[in-house]
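A.B. asks: One structure follows; several queries about it will come next.
The values are calculated or read from the model by the stated rules, or taken from the named source; none is laboratory data. All figures in this text were calculated on a predicted structure; none of them were measured in a lab. With ideal geometry, Cβ positions are generated from the backbone for all residues, glycine too; neighbour counts draw on all protein chains shown. Heavy atoms of the whole protein, side chains included, go into the accessibility calculation; ligands, DNA and RNA do not. Shrake-Rupley method; radii C 1.70, N 1.55, O 1.52, S 1.80 Å.
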Amino acid sequence: MLATRALSFSYPDSPVLKDLTLDFSQYNVTGIIGANGCGKSTLFMNLSGILRPQNGEVLWNGIPLDYSKKGLRALRQNVVTVFQDPDQQIFYTDVASDIAFSLRNLGVDEAEIKRRTELALQMVDARHFRDKPIQCLSFGQKKRVAIAGAIVMESDYLLLDEPTAGLDPSGRRQMLDIISTIVAQGKHIVISSHDIDLIYQICDGIYVLSDGNIVSSGTPQQVFVQREMLEKAGLEQPWLAKLHSEAGLPLCKTEQELVSILRGYDMSKII
Ligand SMILES: Nc1ncnc2c1ncn2[C@@H]1O[C@H](COP(=O)(O)OP(=O)(O)OP(=O)(O)O)[C@@H](O)[C@H]1O
Ligand SMILES: [Mg+2]
């Protein structure tokens, strides 16, 4: 179980996260949304033990996080983070070694490393550039490598900070598939993204962060009908929620659901 209790974090002279009590075990996919600079990446760095809160705590399995080398090593086998900037987590010049880095560190046997690496390369569609030096890859390609390096860990929690930023539409669709596959294995995902339609579609729980405070939380259907709150937080409604708020259509979770409803809908009801 991954959670925070009354967590506050400041950079020198700059308070960022304020008294956050969050539980990431209650949902399969938890979305953290908020405007630029509201503290999402800082929260992810607190959850992965890179930053340490001045007040409150990160809870792992119900107990405050152990920041010793051993404690952090244990955490990072179970809570794996893909950071916003792929350059922050790329260590090798060749793709396969980079993806396998954490598994080798843990002493996983080579046959298993090969199996997981091949599977991850396929999941993120990176096989065609696997032989290029990493420094020659595009931003989106590096992002795919970073995501693959996290997938191979098969951790209980996967934290994805802006996973689709820099990915093309097919990369975005692959990300949706990856998330569905991981959730089907009973694992938890925490995701931050400015892609509000993606968040609406894939999350079953949402926290809205504004200036370091949680200003709303709940299911996507509860949070995304609150247009004023979202605007104050510098966000906007997903297009499916807009259709509900502005045109009086039923609140659908997916485009397919909307299409099937519209097929049998009396269009004169639309305002
Ligand atoms: N190393 C740092 N030292 C001091 N202040 C920092 C540092 N990193 C971030 N900040 C500040 O902390 C605040 C939160 O930054 P953070 O990167 O967590 O926001 P974010 O929600 O992830 O934004 P974005 O949507 O742009 O990714 C910002 O005001 C930022 O300027
Ligand atoms: Mg960020």
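A.B. asks: Would you kindly identify the helices (runs of 4 or more DSSP H) lying entirely within segment 70-163 that contain at least 2 residues that are open to solvent by 20 Å² or more (accessible area, probe 1.4 Å) and among the charged types (D, E, K, R)?
C.D. replies: Filter on segment 70-163 gives 110-123, 139-151.
A.B. asks: Name the residues in segment 214-265 that are acidic (Asp, Glu) and modelled with pLDDT of 90 or more, would you?
C.D. replies: Answer for segment 214-265, where residues must be acidic (Asp, Glu) and modelled with pLDDT of 90 or more: Glu228, Glu231, Glu236.
A.B. asks: In the list Leu158, Leu119, which residue meets the criterion of being within 19 Å of the chain's Cα centre (by Cα) and more than 16 Å from ligand 2 (Cβ to nearest atom)?
C.D. replies: Going through Leu158, Leu119 in turn, just one is within 19 Å of the chain's Cα centre (by Cα) and more than 16 Å from ligand 2 (Cβ to nearest atom): Leu158.
A.B. asks: Could you tell me whether Leu51 is surrounded by 15 or more Cβ atoms within 10 Å (Cβ to Cβ), over 15 Å from the mean Cα position of the chain (by Cα) and at pLDDT 95 or above?
C.D. replies: Answer is yes for this residue.
A.B. asks: Got a number for residues in segment 164-178 being within 13 Å of the chain's Cα centre (by Cα) and open to solvent by less than 30 Å² (accessible area, probe 1.4 Å)?
C.D. replies: Number satisfying all stated conditions: 4.
A.B. asks: A further question on this structure: Without any contact (Cβ under 8 Å) to a residue 12 or more places away in the chain and of a type in the set (Gly, Ala, Ser) - does that describe any residue in segment 100-109?
C.D. replies: yes
A.B. asks: Out of all the residues in segment 201-209, is one or more within 16 Å of ligand 1 (Cβ to nearest atom) and either of a type in the set (D, E, K, R) or loosely packed, with under 14 Cβ neighbours inside 10 Å (or both)?
C.D. replies: No.
A.B. asks: If you don't mind, there's one more thing I want to ask. Within segment 183-195, which residues are at pLDDT 95 or above and either away from ligand 1 (no atom under 16 Å from the Cβ) or open to solvent by 10 Å² or more (accessible area, probe 1.4 Å) (or both)?
C.D. replies: The answer is His188, Ile189.
A.B. asks: Turning to a different aspect of this structure: Considering each of Gly71, Gly49 in turn, give the residue that is touching a Leu at 6+ places or on another chain (Cβ under 9 Å) and in contact (Cβ under 8 Å) with a residue 24 or more places away in the chain.
C.D. replies: Within the list Gly71, Gly49, the selection yields Gly49.
A.B. asks: I would also like to ask the following. When only residues in segment 239-254 that are among the charged types (D, E, K, R) and without any contact (Cβ under 8 Å) to a residue 40 or more places away in the chain count, which is surrounded by the most Cβ atoms within 10 Å (Cβ to Cβ)?
C.D. replies: Ranking the candidates gives Lys242 first.
A.B. asks: Still on this structure, I have one more. What residue, of Gly37, Gly31, is open to solvent by 70 Å² or more (accessible area, probe 1.4 Å) and within 16 Å of ligand 2 (Cβ to nearest atom)?
C.D. replies: Criteria check complete, one pass: Gly37.
A.B. asks: Here's a follow-up. Restricting attention to segment 40-63, which residues are within 16 Å of ligand 2 (Cβ to nearest atom) and under 27 Å from Met229 (Cα atoms)?
C.D. replies: Lys40, Ser41, Thr42, Leu43, Phe44, Met45, Asn46, Leu47
A.B. asks: I'd like to know if segment 195-212 contains one or more residues that are farther than 18 Å from Leu159 by Cα and acidic (Asp, Glu).
C.D. replies: Within segment 195-212, one or more residues are farther than 18 Å from Leu159 by Cα and acidic (Asp, Glu).
A.B. asks: Follow-up. Could you please find all residues in segment 8-35 being in a loop (DSSP other than H, G, I, E, B) and touching a His at 6+ places or on another chain (Cβ under 8 Å)?
C.D. replies: Result: Phe24, Ser25, Tyr27, Asn28.
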